[in-house]
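Chemist: Dumping the structure here so I can ask a few things about it.
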Amino acid sequence: MKRLILFFLFFSAHIQAQLCFDFESETLEQWVQSRDSAWGISDRDALCGRFSLWHRLDDSVSSDDRISFPFDSLVIDGETTSWQFALRHAYPPSSSNKWAVFLLSDRDEQQMMPGGEAGAIVLGVNFSGSDDILKLWKTEKGHAEILAETDLNWQEEIGTGPALIRVEREPGGKWLIYRGTGLAVPVNVRKSDEEWQVFSGTAPFMPDTAPVMPGPERKSGTPPVWELIGEGQDTGRISPVHFGIYYRFSSRQDRKLWFDDLCISGIFLRDTLPPSIIAIEVPDAFTLRIFFSESIDMQNALSGDRFIILPGEILPDTILSVSESTVDLVFGYPFLSGIPQILQAKRITDKKGNTSGTLEKDFIFFRPRRGDIIFNEIMYDPVPEINLPGYEYIELYNRSGHPVRMAGWTLQAGTKTLVLPDFKLPHGGYLLLCYKGMKEQYPEAIHTFDILTSRTMLSNEGVVLLVRDPDSVLIDWMKYSSALHSGEYYAEGGWSLERIDTDRPCHGADNWTTSTGSLGGTPGMENAVRGNNPDRSPPSVGSVYLPDSQKLVIEFSEAMERESVLQENAWHIDGGMNAPDSVILLEPCNRELILQYGREFTPGREYYLEVRREINDCAGNPLSPGLKIRFALPVQPQRSEILISEILFNPLPYCPDFIEVFNPVLKTFDLSDLRLANRDAENGEIVSAGRIINGHRLFFPGEYLVFTSDPETLRGFYLVHDSRSLVKVRDMPPMGDRQGSVLVLDKYLNVLDELAYRRDMHHPMLASPE
């Protein structure tokens, strides 16, 4: 059994005691080594008594070795805590040959090293750097910070001889480092002889407050004289449950570290409680990460059927140790998103032998779907400033009902892409993304990241914004523009655009408007315009066209529900074409559907597309059931195959001009191939040639179409039998009230039909030609 003595001064849940090792028992029970047999108890050049802890591994290459033991937690703020020990490093210290003592550590020897994950207080020489000065460090997540720097140069003042060190921590966080001198003790005490020596300088020690240790004879000497050599301050929190030693050596300088007579004095918190589960994380659809309240016996945790998921009694395929108090459970099947489940853990034992009963913890795996995280506010043109900083920002809102971890999510604005930080956005939370360095300018915003890399990342002309999850799945999109503002004044800058109804995740221009907030926006807060604005309008088919002989494109009036439009056998075409070979819905707008066929459509032949399943828009409104849509493979028109049949060049006040055309042949044309123009009255050249529409629209045999800049206003002046015959043209050619010309051109600017008109062409009996 190891020689370990706890000297109790009083008994309660908190125990004032000394934890001492003199290594005279010749065993290292409960000490754990980073490599088996690297450390041992030896009488070779022992520091105190007959035996000392010694690094004994003769390694052929440079390396490091570590050794540690666990203890009941120290209550370091209760009273002054102290550490005393003797140590000898029989080689001059350097960056390759050095030592460190981990006085307090929340991890065991596996992480006791420079760059290790241990949160610890470390005393040593050259733990970081190579100046040979004895220092005290605080380490956390691989980073070492100096707490106290002594005036002791180990190489110059200690050399390769033994040293006595004492470290104290006062309850307020003050650290004191002492060097012991003037002690007479037995040195190199062998089993067969005793040698005595009095050191005038540094000496190995017999703790002056330690209990008397049984075993080999020891003769008390003069108590040491303590010299204060360094001090520092730290108020950080560490969960001290390990003590350890780190030793780094070059290939020929191993086996040169001795350690002896460790004594830790302080208040120890006796551990009589079994471990409990304090948290569960779900990193992915197959993994649970379990956080226990303390270090656990990992061999116990990894054996047997310790863990199970209810309902279903699902066992993990693999159990992995992440840290002393954390394990990963990996399952063969994914968790169901949004379904509450229970993890059950049985008979989990900590390192003190305390065993739990059956532990249970609820968890939910949640995978965000489209519309769970949405764009909620956009400030794309912040100048002139109203009452907000003159910088762009984007606001996201979590409407999912669950917290969502944003690590690995991406935000795309046009061609620019940003990766969002690791952050858990709570349900109902707003995430404000602003320009770098401007985070503090939005005090009302709780969750803010200054990651916008450019002051002009958001073009005033409008771009498409996309937010995707770590698997690049599109979660939300929106296209902003000045047209979404509630007036020209607001579109000139300084006012944000806000989403009206957050319960309407589908993008629609009628669900965005100018902020009515007094600041010009509500960054990181509930929108000033928030209210109910449901989409109750059914979708319609805007156009159907064939860009080539094997592909049919359907354009809808609004975003469609992906699952419904991709249903098998939802679409059918007569004439032997039947169901398509594949169906593709184009993201992000979800307004264009492509039906791909392996066979070709016949030019000049008309077909009918039939909807045979329930098709819904993004909000769930159904497309008219049984809808049949006429289409054909368009051809290029020739001269006189499209005729101008009527024009209105001198309208009544506030009424727009119009041009009516007629298809007199048995052919189908595409309006995207047509242009409207005038002819210059002086030189006869064609001018003002502009496209009729930017999209596609089929022009069937015998059909009349009316081109105008404002179809709605025109309907207020004339009886229109079929509103679909009115085609909105953004750039109508100018038409003079007295005379002018109108031309219909193909896409190569060949004239298909032309009309030169004059005011006197009207019937002379008209009271007014308007």
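The values are calculated or read from the model by the stated rules, or taken from the named source; none is laboratory data. These numbers were taken from a predicted model, which means no experiment stands behind them. Reconstructed Cβ throughout: ideal geometry from the backbone, glycine too, with neighbour counts over all protein chains shown. Note: areas computed on protein heavy atoms with side chains; ligands, DNA, RNA excluded. Shrake-Rupley method; radii C 1.70, N 1.55, O 1.52, S 1.80 Å.
Chemist: Run the 1.4 Å probe and let me know the accessible area of residue 717, rounded to the nearest 10 Å².
Modeler: Probe radius 1.4 Å; accessible area of residue 717 about 80 Å².
Chemist: On to the next question. For residue 713, what charge total do you get from the other residues with a beta carbon under 13 Å from its beta carbon, if Lys and Arg give +1 and Asp and Glu give -1?
Modeler: On the way: positive: 715, 728; negative: 657, 710, 712.
Residues close to residue 713 contribute a combined charge of -1.
Chemist: Can you give the FRET efficiency for residue 303 and residue 80, using 1/(1 + (r/R0)^6), R0 = 51 Å, r = Cβ-Cβ distance, to the nearest 0.05?
Modeler: Details: r = 42 Å, r/R0 = 0.82.
That pair, residue 303 with residue 80, gives E of 0.75.
Chemist: On a full-extension model of 0.36 nm per residue, what is the gain between residue 689 and residue 473, subtracting their alpha-carbon distance, rounded to one decimal in nm? It would help to have the intermediate numbers written out before the result.
Modeler: Details: separation 216, 0.36 × 216 = 77.76 nm, distance 4.24 nm.
Residue separation times 0.36 nm, minus the Cα-Cα distance, leaves 73.5 nm.
Chemist: Of the options 743, 162, 656, report the single residue whose Cα projects farthest towards the positive end of the charge dipole of the chain (beta-carbon charges: Lys, Arg +1; Asp, Glu -1).
Modeler: It is 162.
Chemist: Still on this model: Output the lone cysteines of the chain: those with no second cysteine's C-beta under 4.7 Å from their C-beta.
Modeler: Unpaired cysteines in the chain: 48, 434, 589, 655.
Chemist: Can you run phi through the Karplus equation (6.51, -1.76, 1.60; θ = phi - 60°) for region 651-667 and list ³J(HN,Hα) in whole Hz, with x for Gly and Pro?
Modeler: Each residue of region 651-667 in turn: x, 5, x, 6, 8, x, 5, 8, 10, 9, 10, 9, 9, x, 10, 8, 9 Hz.
Chemist: Quick check: at a probe of 1.4 Å, how many percent of the accessible area of region 311-365 sits on carbon and sulfur atoms?
Modeler: 54 percent
Chemist: Turning to a different aspect of this structure: What does the helix-only formula give at 222 nm for the chain: each DSSP H stretch with n ≥ 4 adding -39500 (n - 2.57), the total divided by the residues, and the result rounded to the nearest 500 deg cm²/dmol?
Modeler: Details: 4 runs with 17 residues, N = 770.
Helix contribution divided over all residues of the chain: -500 deg cm²/dmol.
Chemist: At a temperature of 37 °C and a viscosity of 0.692 mPa s, determine how fast region 43-188 diffuses translationally according to Stokes-Einstein, using the Kirkwood radius over alpha-carbon pairs as Rh; express D in µm²/s, rounded to the nearest whole number. Don't jump to the answer; show the numbers that get you there.
Modeler: Working: Rh = 16.4 Å.
Answer, rounded: 200 µm²/s.
Chemist: Report, as a whole number in µm² per second, the diffusion coefficient that Stokes-Einstein gives for region 602-744 at 4 °C and 1.567 mPa s using the Kirkwood radius over alpha carbon pairs.
Modeler: Values: Rh = 17.1 Å.
Taking Rh from Cα pairs, D becomes 76 µm²/s.
Chemist: Follow-up. For region 364-458, report the % of Cα-Cα distances exceeding 23 Å.
Modeler: Working: 1044 of 4465 pairs.
Of the Cα pairs, 23 percent sit more than 23 Å apart.
Chemist: Another one. I want the local charge near residue 346. Using Cβ-Cβ distances under 15 Å, sum +1 for each Lys or Arg and -1 for each Asp or Glu among the other residues. Could you put the intermediate results ahead of the total?
Modeler: On the way: positive: 306, 347, 361; negative: 297, 305, 313, 350, 360.
Value of the local net charge: -2.
Chemist: Also, quick follow-up: Magnitude of the Cβ-charge dipole of the chain, K/R +1 and D/E -1, about the Cα centre, nearest 20 debye? Each step should come with its number before you reach the end.
Modeler: On the way: 73 positive and 109 negative charges, 186 e Å.
Value, rounded to 20: 900 debye.
Chemist: Still on this structure, I have one more. Hey, which lysines would be in cross-link range of residue 416, C-alpha to C-alpha under 16 Å, not counting anything within fewer than 8 residues on its own chain?
Modeler: Here the lysines satisfying the reach criterion relative to residue 416 are 436, 479.
Chemist: About its Cα centre, what dipole magnitude does region 498-640 give when the only charges are +1 on Lys and Arg Cβ and -1 on Asp and Glu Cβ, stated in debye to the nearest 20? Kindly include the intermediate steps, with their values, before the conclusion.
Modeler: Details: 14 positive and 21 negative charges, 88 e Å.
Dipole about the Cα centre, nearest 20: 420 debye.
Chemist: Check which residues have an amide H placed less than 5 Å from residue 39's amide H, if you skip close sequence neighbours.
Modeler: Residues meeting the criterion, in which the H sits 1.01 Å from N, are 56.
Chemist: Run the numbers on region 499-563 and let me know its relative contact order in percent, using alpha-carbon pairs under 8 Å that are six or more apart. Each step should come with its number before you reach the end.
Modeler: Working: 71 pairs, mean separation 18.7, N = 65.
Taking the mean separation of contacting Cα pairs over the length of region 499-563, I get 29 percent.
Chemist: Ignoring ligands, DNA and RNA, what percent of the 1.4 Å accessible area of region 567-721 is carbon and sulfur?
Modeler: Details: 3740 of 7820 Å².
So the carbon and sulfur contribution to the accessible surface is 48 percent.
Chemist: Shifting gears a bit: Where does each of 513, 602, 448, 415 land when they are ordered by accessible area, with a 1.4 Å probe and the largest first? Don't skip to the answer; put the middle values down first.
Modeler: On the way: 513 30, 602 70, 448 10, 415 135 Å².
Largest accessible area first, the list is 415, 602, 513, 448.
Chemist: With a 1.4 Å probe and all protein chains in place, put 410, 417 in order of accessible area, largest first.
Modeler: The residues order as 417, 410, largest area first.
Chemist: Ignoring ligands, DNA and RNA, what accessible area per residue does region 302-417 give at 1.4 Å, in Å²? If you can, show how the numbers build up before the last one.
Modeler: On the way: 5300 Å² over 116 residues.
Normalised by residue count, the accessible surface of region 302-417 is 46 Å².
Chemist: Here is a follow-up. Starting from the Cα of residue 352, draw a straight line to each of the aspartates and glutamates and keep only those under 19 Å, dropping any in the same chain fewer than 8 residues away.
Modeler: Residue 352 reaches 29, 72, 106, 108, 109, 271, 294, 297, 324.
Chemist: Whole-Hz Karplus ³J(HN,Hα) for region 562-577, in order, using 6.51 cos²θ - 1.76 cosθ + 1.60 and θ = phi - 60°, x for Gly and Pro?
Modeler: Along region 562-577, the couplings run 4, 5, 6, 6, 9, 4, 5, 6, 6, 10, 9, 10, 6, x, x, 7 Hz.
Chemist: Given a 1.4 angstrom probe, what's the average accessible area per residue across region 506-567, in square angstrom?
Modeler: Working: 2610 Å² over 62 residues.
That works out to 42 Å² per residue.
Chemist: OK, next. What is the Cα coordinate range of the chain on the first, second and third principal axes, sorted by size from largest, in whole angstrom?
Modeler: 141, 56, 50
Chemist: Considering the options 580, 435, 423, tell which one lies farthest towards the positive end of the dipole of the chain, charges being +1 on Lys and Arg and -1 on Asp and Glu at the Cβ, about the Cα centre.
Modeler: 580
Chemist: Same structure, new question: So for the chain, taking the charge dipole from beta-carbon charges (+1 Lys/Arg, -1 Asp/Glu), which of 570, 486, 57 sits furthest toward the positive end?
Modeler: 57
Chemist: Counting only protein chains, not ligands or nucleic acids, how are 507, 89 ordered by accessible area (probe 1.4 Å), most first?
Modeler: Working: 507 40, 89 0 Å².
Result of the area sort, largest leading: 507, 89.
Chemist: To the nearest 0.05, how large is the calculated FRET efficiency for residue 427 and residue 339 if R₀ is 25 Å and r is the Cβ-Cβ distance? Provide the component values of the computation, followed by the final result.
Modeler: Numbers: r = 17 Å, r/R0 = 0.66.
Efficiency at R0 = 25 Å is approximately 0.90.
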